[in-house]
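Following: one structure in structure tokens, then a few remarks.
Values in this text are rule-based calculations from the coordinates and carry no lab data. Quick caveat, the model's predicted, so the values are computed rather than measured. Cβ atoms come from the backbone with ideal geometry, glycine included; neighbour counts cover every protein chain shown.
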Amino acid sequence: MSGTFLGMPAFPKAAREAVGDERLRANLRHATHTIRDKRARAVGELEDWEALREAGKQIKDHTLRHLDRYLVQLEEAVTAAGGIVHWACDAAEANRIVADLVKATGETEVVKVKSMATQEIGLNEALEAEGIRAYETDLAELIVQLADDRPSHILVPAIHRNRGEIRDIFHDTMKNWGRPAPEGLTDEPAELAEAARLHLREKFLRAKVAISGANFMVAESGTLVVVESEGNGRMCLTLPETLISVVGVEKVVPTWRDLEVFLQTLPRSSTAERMNPYTSTWTGTIDGDGPTAFHLVLLDNGRTDTLADEVGRQALRCIRCSACLNVCPVYERAGGHAYGSVYPGPIGAILSPQLRGTTSEIDASLPYASSLCGACYDVCPVAIDIPEVLVHLRERVAQGGPAVTRGEKVVLRPARGHAAERAAMRAARWVLGSPGVLRTGQRFAARTRRLHPRTLPGPGRAWSASRDLPSMPAEPFRDWWQRTNGGKGEAQ
Amino acid sequence: MRVALFLTCLNDTLYPDTGKAVVKLLTRLGVDVDFPMAQTCCGQAHYNTGYRHEAEPLALHFADVFTGYDAIVTPSGSCAAMVRELYPRMGERAEAEGRGGTLSAHLAPVVPATYELTEFLVDVLGVTDVGAYYPRTVTYHPTCHGLRSLGLGERPYQLLRAVKGLELVELPGADECCGFGGTFAVKNADVSAAMGADKIRNAESTGAQALCAADNSCLMHLGGTMSRLKVDMRPVHIAEILASTEERSAR
């Protein structure tokens, strides 16, 4: 398995394999049910949860509405504090900036704090191509990297792996990257964690350059914030000489005070903790403490286009807590890889087709990767109405319409393969648009009911492959109503 | 009070017994219920599949048929949610597209008047004991739209607990989706089937003889799954349980 998601098949096909993988389903079922139950308890402890949720939504919406202003304020504050700000419109530009910055230090290896933004742009692969080796230091990211695997969850990238598999990965591959796994390593969590700790420690102490993302950026002070559970992030943020942070433009918040809301909602939603173990904040550079050079790469990569869509822009409120993944019945069965993106689950289904556009097969299939059950909306700490955006994006895929691509207003054509569906929907509207036509159809279906096949042709075959069809009644309701005068002509 | 039955196109075509049960039940409770013959479909399948513009004429037709009634009662949580939650949104979207507020104005009268059956019984008629008799063990699947869009909450359970002879058993993982999701069942058939099978296994573990819900679309998917998995349980709409009486227990 490679580190890239390019060329992924559409969601239904990718999901089919996952649904048939008993071990994967068991891993996912156990993990998601455990975390979703814990989250529900942690959230239930707060009496003002709904108020916090609304506050988070309002802060994010306000910031997004004035994003240009806050980003300029952020840039000024970071610069005043001794940092250097770089603007990247897409993945290629961001990767180029980071690679050049690393090369300028003369180093050929970097340590990394787990970061969705760098995953999104494929930074590790881009650095590899420039002869720079990037070491992931988050335990789950390390597992994924050692296994040459892809992350399948925002918070727990190795959620699809169980302890036994992780033991085997450590035993087989750690030696290729540095300190080997200890002799006789078992699958005990404490032993696995110790093996990772020893393996990583030599990298922390050796590295001169670190790369991170950030959960938040405070515009008023130019401060960046990373919340994490293992302490590896703090090691990366404080020990090296050069720190490069790649952050999506939507991560800015206006003031320190705004963090009060998110530092309550994020840990409870993601790890079901009242407070996350490590909250690191850094503001520019200070002599004699921490990195002497700090670069902030502000990443757009489709975010401004997303912001232009008045229904879809709410996806940019996301604080990457992953509560929607853990509660999603589709994610639970299909696994994260089926979504073909570093953003899996419900949020991935609305974020990826907006950031990347809906032209590829996988991106056009993502808005349909949901039964619209609404559980994701219920748990979202910033109240993103994911079902609403899914339906909105389905419209874009099926019918085309106006959108903004790379800053230009365009009219999208429908994605390929929807012509038959469109015709069927029009026909259905014609039948349903007139009671007379509907009635004729119902009567025909009722009279021919003994001739109906047990399995359906065309797209309907997918239904009858695993479910029996309901039997057709002898008489539709409206005929009964008319025949019996609303039941009055029939003994009750 | 002028009360109309909005049966939904699915029930009209495939589940007329649910419609007959609603009529019997409401009549027994003293409600004179009308069935406007011009009714067709709320447009939910179109809307949720991404055909909002195709759903608009269906919504307009719905409003034409049902405006003027004090209450529009439907035995479908998802269709009630379509009218109450999504019709206003359709109006807002049309307005955002510069098509004025006429759609909103047209749909406005039917939005607050539309009730899911159990809501109508508990909130409008104020009854929880409808005088039903159903001597079987039943487990209740709340369905996503009933649970999350409409917030039916305790209403269906209150109604079922008051049914004579009925033993209500708790469904494990009740708030999880059954996997129907309209066109999702066809577009993502494998995941849908896996969700349905898990729901049926959970229902089976309760030892219930019947799996009850307030939406025949979910029950169509679950019933089809039961039949295929050869599980000895029957899907039953809550209206059919509530309409059953001691003299003539429905099936």
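Kindly state, to the nearest 0.05, the FRET efficiency for A:ARG201 paired with B:GLU154, given R0 = 60 Å and r defined as their beta-carbon distance. For R0 = 60 Å, the calculated efficiency reads 0.60.
The mean number of Cβ atoms from other chains found within 10 Å of a Cβ in peptide B:5-18 is 5, as a whole number.
Given 10 °C and 1.306 mPa s, how large is the Stokes-Einstein diffusion coefficient of the range A:211-256 in µm²/s, with Rh as the Kirkwood radius over Cα pairs? Walk me through the numbers before you get to the answer.
Numbers: Rh = 11.2 Å.
For these conditions, the coefficient is 141 µm²/s.
Using the alpha-carbon positions of the range B:128-205, Rg (one decimal) and Dmax (whole number) come out as 14.3, 42 Å. According to the square roots a ≥ b ≥ c of the eigenvalues of the Cα gyration tensor, what is the shape class of chain B, taking rounded for a/c under 1.5, prolate for a/b larger than b/c otherwise, and oblate for the remainder? Here chain B falls in the oblate category. Suppose the Debye formula is applied to equal point scatterers at every Cα of the range B:49-191; what is log10 I(q)/I(0) at q = 0.14 Å⁻¹? Cα-only, vacuum Debye calculation for the range B:49-191: -0.80.
Whole-Hz Karplus values for the range A:377-392 come out as 5, 4, 8, 5, x, 10, 6, 6, 7, 4, x, 4, 5, 4, 5, 4 Hz, taken residue by residue from phi with 6.51 cos²θ - 1.76 cosθ + 1.60 and θ = phi - 60°; glycine and proline positions read x.
What is the calculated FRET efficiency for A:LEU46 to A:HIS66, with r their C-beta to C-beta distance and R₀ = 22 Å, to the nearest 0.05? Computed FRET efficiency for A:LEU46 and A:HIS66 comes out at 0.15. Over chain A, Cα pairs under 8 Å with separation of 6+ residues give a relative contact order of 19 percent.
In square nanometres and to one decimal, what's the mean projected area of the convex hull around the Cα atoms of the protein assembly as shown? Before the final figure, lay out the partial values.
On the way: hull surface 129.4 nm².
Averaged projected hull area, Cα only: 32.3 nm².
What is the range A:333-445 by shape, rounded, prolate or oblate, if you read a ≥ b ≥ c off the alpha carbon gyration tensor as root eigenvalues and call it rounded for a/c under 1.5, prolate for a/b larger than b/c, and oblate otherwise? Prolate, since a/c reaches 1.5 and a/b exceeds b/c.
Once C-alpha pairs closer than 8 Å and six or more residues apart are averaged by separation and normalised to the residue number of the range A:73-209, the relative contact order reads 19 percent. Taking amide H atoms as placed 1.01 Å from N in the peptide plane, the amide H of A:SER212 lies under 5 Å from those of A:VAL113, A:ILE244, A:SER245, A:VAL246, each 5 or more residues away in sequence or on another chain.
Express in nm, to one decimal, how much length is gained between A:ALA424 and A:ARG449 on full extension, taking 0.36 nm for each residue of separation and deducting their alpha carbon distance.
Values: separation 25, 0.36 × 25 = 9.00 nm, distance 2.15 nm.
So the chain would gain 6.8 nm between A:ALA424 and A:ARG449.
Calculated FRET efficiency, A:ASP168 to A:TYR278, Cβ-Cβ distance, R0 = 30 Å: about 0.55 to the nearest 0.05.
Take every DSSP beta bridge with both residues inside the protein assembly as shown and express the antiparallel ones as a percent of the total, to the nearest 5. Of all bridge pairs located within the protein assembly as shown, approximately 25 percent are antiparallel.
The distance separating the Cα centre of the range B:205-224 from that of the range A:210-288 comes to 48 Å.
Backbone geometry of the range A:189-205 corresponds, through the Karplus equation with coefficients 6.51, -1.76 and 1.60 at θ = phi - 60°, to 3J(HN,Hα) couplings of x, 5, 5, 5, 5, 5, 4, 5, 4, 5, 4, 7, 4, 5, 6, 4, 6 Hz, x marking Gly and Pro.
Just to check, using Stokes-Einstein with a Kirkwood Rh over alpha carbon pairs, what's the diffusion coefficient of the range A:126-249 at 25 °C and 0.890 mPa s in µm²/s? Approximately 157 µm²/s, per Stokes-Einstein.
Simple spin-label estimate for B:ARG99 and A:TRP177 gives 5.3 nm between the two label positions (7 Å along the Cα-to-Cβ direction from each Cα). What is the percent of Cα-Cα separations in the range A:46-184 that go past 27 Å? Looking at the range A:46-184, the distances longer than 27 Å represent 42 percent of pairs. Here A:LYS203 is the anchor, and the lysines within straight C-alpha reach of less than 22 Å, apart from those fewer than 8 places off in the same chain, are A:LYS103, A:LYS112, A:LYS114, A:LYS175.
On alpha-carbon atoms, Rg over Rh for the range A:237-295 using Kirkwood Rh?
Details: Rg = 13.9 Å, Rh = 13.5 Å.
Ratio value, two decimals: 1.02.
Note that the range A:131-144 has calculated 3J(HN,Hα) couplings of x, 10, 9, 9, 9, 6, 10, 6, 3, 5, 5, 4, 4, 4 Hz, one per residue in order, obtained from phi through the Karplus relation 6.51 cos²θ - 1.76 cosθ + 1.60 (θ = phi - 60°); glycine and proline are x.
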